[in-house]
């Protein structure tokens, strides 16, 4: 492993499989009466979150505690950032207290790369703007692998707000690295230009993307990142691009339906689908802890030569 | 390099240990075997098979991975992290007499880690240690209850245990 986990872009398929295999072993720890191992005893991990997050922050914190690291959370709403401190200054001040790792969530793409350049601590990207969210893609791959023997050659349909989604970027990078057949669909106004050049199929027809898919991944409509109107109304969006019960009935038997959360019920996914038998949304959340434990463990060791 | 135990010798040694286990533990009801990954696991399974052949009793057998309990996980400056494998102990260890199985006893640090790991699963009545080879050079106050073979070695040498289930053949070799 390299010093930091900034994105899926930096990982080789072997490293991805190494993380997934390690996560498999970590999952068992969560099923023990004492859900804790002493591996990262004496390590300090700072969770620095510049954006609201429940799932990711909680998941990282549980993963860190299960590995016995000392953790502290800095929520920006209560920090000096409100007094005008820059990210680099905040990071250098935290760095001066010698933590071993910093888990960063930030609204600006590339924030983790900035920290990686100025910090000795290991940096883990917990989502940077519209760029990457690597641990989400890893836990998605872990969940897919629980339901399918191989990831390569699977048809994976990803539907929704493609433009603002860091989950999409990380997932496309990971799934294409592992050889999956990736289909993207969403409104043309929410498609990043040139996306088809990365080796995926792109269509505005959800039904075409979903037909015979082994995995359907729904993305959240990110209203907080939308400046301007990208589609007429949420109701219309649901009818044209939402995962309705009718679409699920036409899908391949045994399909799994994923969503990185938080879900907007009745916008990108129908309630009955989100709570239905094909939904693995809560499995994704459960797997997040094991995958993050694997990442923390693998980054805690020595740095390979040349890094 | 010298092969110090061949397949036949390993087989007879394990059979002797199986008999010793039965001799020292009157009643096998509360016994359970736990093999330390990697090569302790097939050894534990073989001992379970031998005990079954002797008295028909099925001793529950589990696998323990101690990687996350090692004392050197975050110490080495270079190189990749050791591979973590899963622990699989499909029974409660509470009040059982646990027979911990490993291939080579050397510094004792693996066994220290295994004891820590095991105790987090419950409170066994006792833990006994079985090793195929004791090569000396202890760094911790740990001693095996059942030893297949005492093997005097220099710390510069390494002892390689190969087992059919993992390596395709049974032998113990000293290298270096």
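The values are calculated or read from the model by the stated rules, or taken from the named source; none is laboratory data. Model, not experiment: these values are computed from the prediction. Cβ: placed from backbone, ideal geometry, glycine included. Neighbour counts: every protein chain shown.
How about region A:68-176: which helices (runs of 4 or more DSSP H) wholly inside it have at least 3 residues that are farther than 17 Å from residue A:6 by Cβ and at pLDDT below 95?
Here the list reads A:87-96.
Selection within region B:86-109: residues that are crowded, with 22+ Cβ neighbours inside 10 Å and either more than 12 Å from the chain's Cα centre (by Cα) or touching a residue at least 60 places away in the same chain (Cβ under 8 Å) (or both). The member of this set that is nearest to residue B:174 (Cα to Cα) is B:103.
When you check residue B:33 against the structure, is it under 14 Å from the mean Cα position of the chain (by Cα) and within 29 Å of residue A:27 (Cβ to Cβ), yes or no? Before you say what the answer is, go through the steps one by one.
Values: under 14 Å from the mean Cα position of the chain (by Cα): yes; within 29 Å of residue A:27 (Cβ to Cβ): yes.
Answer is yes for this residue.
Given the condition crowded, with 24+ Cβ neighbours inside 10 Å and in contact with a strand residue (DSSP E or B) (Cβ under 8 Å, 6 or more places away or on another chain), answer yes or no: does some residue in region A:147-155 qualify?
In the first step, residues of region A:147-155 are kept if they are crowded, with 24+ Cβ neighbours inside 10 Å; the result is none.
No, the conditions are met nowhere in region A:147-155.
When residues in region A:204-233 are screened for being surrounded by 16 or more Cβ atoms within 10 Å (Cβ to Cβ) and either at pLDDT 90 or above or in contact with a strand residue (DSSP E or B) (Cβ under 9 Å, 6 or more places away or on another chain) (or both), 12 of them pass. Evaluation of residue B:76 against the conditions (1) within 14 Å of another protein chain (Cβ to nearest Cβ); (2) modelled with pLDDT of 95 or more shows that the sole unmet condition is (2).
When the residues of region A:1-22 are filtered to those that are closer than 20 Å to residue A:179 by Cβ and within 13 Å of chain B (Cβ to nearest Cβ), which remaining residue is surrounded by the most Cβ atoms within 10 Å (Cβ to Cβ)? Walk me through how you get there before you give the answer.
Residues of region A:1-22 that are closer than 20 Å to residue A:179 by Cβ, as a first pass: A:7-21.
Those left that are additionally within 13 Å of chain B (Cβ to nearest Cβ): A:12, A:14-15, A:17-21.
Values: A:12: 9, A:14: 8, A:15: 17, A:17: 15, A:18: 18, A:19: 25, A:20: 22, A:21: 17.
The residue in question is A:19.
Sort out which residues of region A:23-47 are within 30 Å of residue A:107 (Cβ to Cβ) and either within 14 Å of chain B (Cβ to nearest Cβ) or at pLDDT below 95 (or both), and write them in order of number. Give the steps one after another, and end with the answer.
Our first condition is that a residue be within 30 Å of residue A:107 (Cβ to Cβ); within region A:23-47, this holds for A:23, A:26, A:40, A:43-47.
Passing the criteria: A:23, A:26, A:40, A:43, A:44, A:45.
Filtering A:283, A:268, A:272 for residues that are buried (at least 20 other Cβ atoms within 10 Å of the Cβ) and more than 14 Å from chain B (Cβ to nearest Cβ) leaves a single hit, A:268. Scanning region B:141-163 for residues that are over 13 Å from the mean Cα position of the chain (by Cα), without any contact (Cβ under 8 Å) to a residue 40 or more places away in the chain and either closer than 23 Å to residue B:33 by Cα or assigned to a strand (DSSP E or B) (or both) yields B:141, B:142, B:150, B:158, B:160, B:162. Residues in region B:158-174 include none that are at pLDDT 95 or above, within 14 Å of chain A (Cβ to nearest Cβ) and under 30 Å from residue A:22 (Cα atoms).
Would you point out which residue out of A:107, A:77 is farther than 21 Å from residue A:300 by Cβ, away from every other protein chain (no Cβ under 14 Å) and within 20 Å of the chain's Cα centre (by Cα)?
On the way: A:77 fails: within 20 Å of the chain's Cα centre (by Cα).
Exactly one of A:107, A:77 is farther than 21 Å from residue A:300 by Cβ, away from every other protein chain (no Cβ under 14 Å) and within 20 Å of the chain's Cα centre (by Cα), namely A:107.
The residues listed here are B:68, B:22; of these, the one that is within 13 Å of chain A (Cβ to nearest Cβ), more than 19 Å from residue B:133 (Cβ to Cβ) and either in a loop (DSSP other than H, G, I, E, B) or in contact with a helix residue (DSSP H, G or I) (Cβ under 9 Å, 6 or more places away or on another chain) (or both) is B:68.
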